[in-house]
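Read through the structure below, which is laid out as C-alpha cells, and then see the notes.
The values are calculated or read from the model by the stated rules, or taken from the named source; none is laboratory data. Treat the numbers as computed from the prediction; the structure is a model and nothing was measured. For neighbour counting, all protein chains shown are included, and Cβ atoms are generated from backbone atoms with ideal geometry for every residue, glycine included.
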Amino acid sequence: MKLKSLLFSLVAASLVSGSAFAQAPIIIKFSHVVASDTPKGKAAERFKELAEKATKGRVKVELYPNSTLYKDKEEMEALQLGAVQMLAPSLAKFGPLGVKEFEVFDLPYIFPFKDVLYQVTEGPIGKSLMQKLEPKGITGLAFWDNGFKIMSANKPLHMPADFKGLKMRIQSSKVLDAQMRALGANPQVLAFSEVYQALQTGVVDGTENPPSNMYTQKMHEVQKHLTVSNHGYLGYAVIVNKKFWDGLPADIRAQLDTAMKGATSYANAIADQENGRAMDAIRKSGKTTIYELTPAEKAEWRKALLPVQTEMEGRIGKDLIASIRKLSTAGGK
C-alpha cells in the first residue's frame with residue numbers, strides 16, 4: 001500500500017513538474033547597443049509589448065539596451081552561438097560577417113530620399129539580402145529605419161577639404177573607410193559604446209551618426225560643430241538565431257512575425273520625428289554649432305563622395321548598386 005502511495009506521489013509530482021515546465025515562457029534575449037529612447041530602443045520596446053501580448057505571455061522578451069550585455073563587436077558572435085536570440089545591428093555590421101552586399105546601405109548618396117530606401121528594404125532587393133544571412137545561421141526579420149547621418153567635429157566642416165587629417169570614427173565597414181578617405185580624413189574603427197569617451201579625450205576628432213544617436217549618447221556635448229550633411233544612411237536589420245527561430249512552434253512564430261510587423265511600422269514612422277526632436281534638443285543645448293550646407297557646398301560633397309559608389313562595385317556588386325541607382329533615377333516611384 002505504501003509502495004502504491006509512493007508511486008502515486010511520484011507520478012503526481014512528475015505531472016505537476018511537467019505542467020510547470022510546459023507553461024514556462026520562451027525567453028528571447030534582445031540585445032542592442034543604443035539607448036532606450038532612440039528609434040531602435042523604442043521599437044524594441046514596442047516589439048516586446050506586442051510579442052508578449054500576441055503570445056499571451058508564452059514568450060517573454062528581455063531587452064538589453066546600451067551595450068549592457070554585448071558591445072557591437074561581440075553581439076553578432078553571441079547571436080550565432082545562441083547566447084542571445086535577437087539583435088538589431090546596423091547594416092554595416094554584415095560586411096565583416098562576410099555578407100558584403102549589405103554595405104550598399106553605407107554608400108554615400110545612394111538614397112536620394114526615403115521612398116527609394118523603402119523600395120529597397122521592403123521589396124525584392126531587401127528580401128534577397130536577408131536570404132544571404134541564412135548560411136550564417138541567421139534569419140532576418142525586418143529592416144528598421146534610423147535616418148540620415150550628420151557629421152561632427154571640433155572644427156567647422158563645410159567643404160571636403162575641412163576633413164583633411166581628421167581622425168573620424170566609423171563602424172567597421174570598407175565603404176565607410178573609403179568614404180572618409182575620399183574626404184581626406186583618417187578613419188578609426190571604434191565600438192559605438194566607446195565613441196563618447198574617444199571624442200571627449202581626443203582619441204578621435206569627429207564622427208557621423210543620425211541626430212538621435214548623437215543626442216542620446218551626448219556626443220554633441222564633446223563636439224563643437226555639427227554639419228547637417230545627410231550624406232549617408234543608417235538603418236538596422238532585426239535578426240534572430242536561425243536554429244532558435246526554426247525550433248519555435250509554428251503558431252508562436254506567426255504571432256512573433258505579426259508583432260515584428262507592428263514594431264517595424266512603428267520604428268519607421270518615428271525615425272524622422274525622433275531625429276527632428278534630437279536636432280531641436282541639440283540646438284537648445286547651446287553646446288555645439290549646427291551648420292546647414294549651402295547648395296554649392298553640397299555639390300562639392302557629392303563630387304568628393306560619389307566616386308566611392310564606383311570604387312565599391314567590385315566589393316558590393318555592380319548590378320546591386322545599379323539596381324538602386326535605377327530606382328533613384330526613376331524618382332523612387
- Item | Verdict on Glu75 being among the acidic types (Asp, Glu) and either over 13 Å from the mean Cα position of the chain (by Cα) or modelled with pLDDT of 95 or more (or both) | no
- Task: Evaluate the following for His220: is it modelled with pLDDT of 95 or more, touching a strand residue (DSSP E or B) at 6+ places or on another chain (Cβ under 7 Å), closer than 22 Å to Gly41 by Cβ and of a type outside the set (A, V, I, L, M, F, W, C)?
- Result: yes
- Task: Six or more apart or on different chains, Cβ under 7 Å: which pairs go from a residue in the range 39-68 that's in contact (Cβ under 8 Å) with a residue 40 or more places away in the chain and on the phi < 0 side of the Ramachandran plot to one that's of a type in the set (Phe, Trp, Tyr) and in a strand (DSSP E or B)? Could you list them?
- Result: Lys40/Trp144; Lys40/Tyr236; Ala43/Trp144; Ala44/Phe30
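Within the range 278-293, can you find the residues that are without any contact (Cβ under 8 Å) to a residue 12 or more places away in the chain and under 25 Å from Phe113 (Cβ atoms)? It would help to see each step written out before you state the result.
Initially, the range 278-293 is screened for residues without any contact (Cβ under 8 Å) to a residue 12 or more places away in the chain, giving 280, 283-284, 286.
Hits for the range 278-293 are Asp280, Arg283.
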- Query: So which of Gly140, Gly202, Gly147 is at pLDDT 95 or above, small (Gly, Ala, Ser) and crowded, with 18+ Cβ neighbours inside 10 Å?
  - Reply: Gly140
- Query: Going by the conditions given, is Thr264 in contact with a His (Cβ under 8 Å, 6 or more places away or on another chain), within 21 Å of Asp145 (Cα to Cα) and crowded, with 19+ Cβ neighbours inside 10 Å?
  - Reply: no
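Rundown of residues vs (1) part of a helix (DSSP H, G or I); (2) more than 25 Å from the chain's Cα centre (by Cα); (3) more than 22 Å from Ala35 (Cβ to Cβ); (4) among the charged types (D, E, K, R), yes/no style:
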{"site": "Met279", "(1), (2), (3), (4)": "yes, no, no, no"}
{"site": "Ile290", "(1), (2), (3), (4)": "no, no, no, no"}
{"site": "Arg302", "(1), (2), (3), (4)": "yes, no, yes, yes"}
{"site": "Gln309", "(1), (2), (3), (4)": "yes, no, yes, no"}
- Message: Any residue at all in the range 66-77 that's in a helix (DSSP H, G or I), in contact with a strand residue (DSSP E or B) (Cβ under 9 Å, 6 or more places away or on another chain) and either among the aromatic types (Phe, Trp, Tyr) or more than 18 Å from Asn146 (Cα to Cα) (or both)?
- Response: yes
